[in-house]
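A short write-up of the structure that comes next.
The values are calculated or read from the model by the stated rules, or taken from the named source; none is laboratory data. Since the structure is predicted, the reported quantities are computational estimates derived from the model, not experimental observations. Glycine also receives a Cβ, built like all others from the backbone with ideal geometry; neighbour counts cover every protein chain displayed. Ligands, DNA and RNA are stripped out before the accessible areas are found, and what is left, the full protein with its side chains, is counted by its heavy atoms. Shrake-Rupley method; radii C 1.70, N 1.55, O 1.52, S 1.80 Å.
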Amino acid sequence: MQDPRTIRKVVSIDNRSVLAFAGLTADARVLINKTRTEAQSYRLTCEDAPSVEYLARYIARTQQKYTQRGGVRPFGIATLIAGFSDPTVEGEQSHPVLYQTDPAGTHSSWKAQVIGGRNAKSLREFLEKNHEDGMEEEKCVRLAVQALLEVVDSGAKNMEVCVVREGGKHEFMAEKDIDAVVSKIEEEAEEGKKSDEDK
């Protein structure tokens, strides 16, 4: 009965970076607002958008402060921040970047990562096994949906997929598009089962 648009686990920080979180939504709302304010302040001061690494460091620093100060409790969320790097050297290509932060205040860079839930370790192993460098967008989306299918029961209804493209453009996939990917994966799984039975 709940309107699915009212619960978002993937949000924009600014027009060049996207954040996904796992944990307490109320804590996430506070941290996201602080980060958005910092991103705007950075733009005002430096006349340029903050890098994804800068935002990851800011979030980690904020989370770490809340583990030390008296009278406050730590933020109960882990985050993934995605975007594209800024080519600082001429001729260098812009490439996708992904950072993870945790409640202790550490941040680290990843090629593919999962957060939240009891199955994070097994899903990380799944990604390690199936991730390849230089994957096309379609293969990346498929891999993400396959990983989500390991923990989500009701298919596309409970999935939120955001595709981040070069230049920081990001687009939330429509439920019907996610459903099409889910159907294709399930069809291939059925075909695999039938061929195994035939052997």
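Excluding same-chain neighbours fewer than eight residues apart, the lysines reachable from residue 176 by a Cα-Cα span under 17 Å are 157, 184. A protection proxy built from the mean count of other Cβ atoms within 10 Å ranks the segments 54-66, 38-50, most packed first, as 54-66, 38-50. The alpha-carbon atoms of region 71-165, seen along their principal axes, cover 43, 42, 24 angstrom, with the largest extent given first. Residues in region 38-188 average 62 Å² of solvent-accessible surface per residue, probe 1.4 Å, ligands and nucleic acids excluded. Working from label points 7 Å from Cα in the Cα-to-Cβ sense, the residue 187 to residue 150 distance is 2.5 nm.
Listed by chain and number, the aspartates and glutamates whose alpha-carbon sits under 20 Å from that of residue 194, ignoring those within fewer than 8 places in the same chain, are 186.
Assuming charge only on the beta carbon of Lys and Arg (+1) and of Asp and Glu (-1), the dipole of the chain about its Cα centre is about 1320 debye to the nearest 20.
Here the chain yields Rg over Rh of 1.00, to two decimals, using C-alpha coordinates and the Kirkwood radius. Here region 102-197 is assigned +1 on the Cβ of each Lys and Arg and -1 on the Cβ of each Asp and Glu. Its dipole about the Cα centre then comes out at about 400 debye.
Extension gain for the segment residue 110 to residue 34, taken as residue separation times 0.36 nm less the Cα-Cα distance, is 25.0 nm to one decimal. Packing, as the average of other Cβ atoms within 10 Å across residues, places the peptides 171-183, 121-133 in the order 171-183, 121-133, highest first.
Once the Cβ-Cβ distance of residue 176 and residue 119 is raised to the sixth power relative to R0 = 35 Å, the FRET efficiency obtained is 0.85. For the chain, with all protein chains present and a 1.4 Å probe, just round the carbon and sulfur fraction of the accessible area to a whole percent. Within the chain, the accessible surface is 49 percent carbon and sulfur. In straight-distance terms, cross-link reach from residue 34 covers every one of the lysines whose alpha-carbon lies under 19 Å from its own, apart from those fewer than eight places away in the same chain; here that gives 9, 65. Remark: C-alpha extents of region 8-97 on the principal axes read 48, 27, 18 Å, sorted largest to smallest. Along region 64-77 the Karplus relation, 6.51 cos²θ - 1.76 cosθ + 1.60 evaluated at θ = phi - 60°, assigns HN-Hα couplings of 5, 4, 6, 8, 9, 6, x, x, 10, 10, x, 5, x, 9 Hz to successive residues, with x for each Gly and Pro. Only beta bridges with both residues in region 34-163 are counted; by DSSP, about 100 percent of them are antiparallel.
Counting only DSSP H runs of at least 4 residues, each contributing -39500 (n - 2.57), and dividing by the residue count of the chain, the helix-based mean residue ellipticity at 222 nm comes to -14500 deg cm²/dmol.
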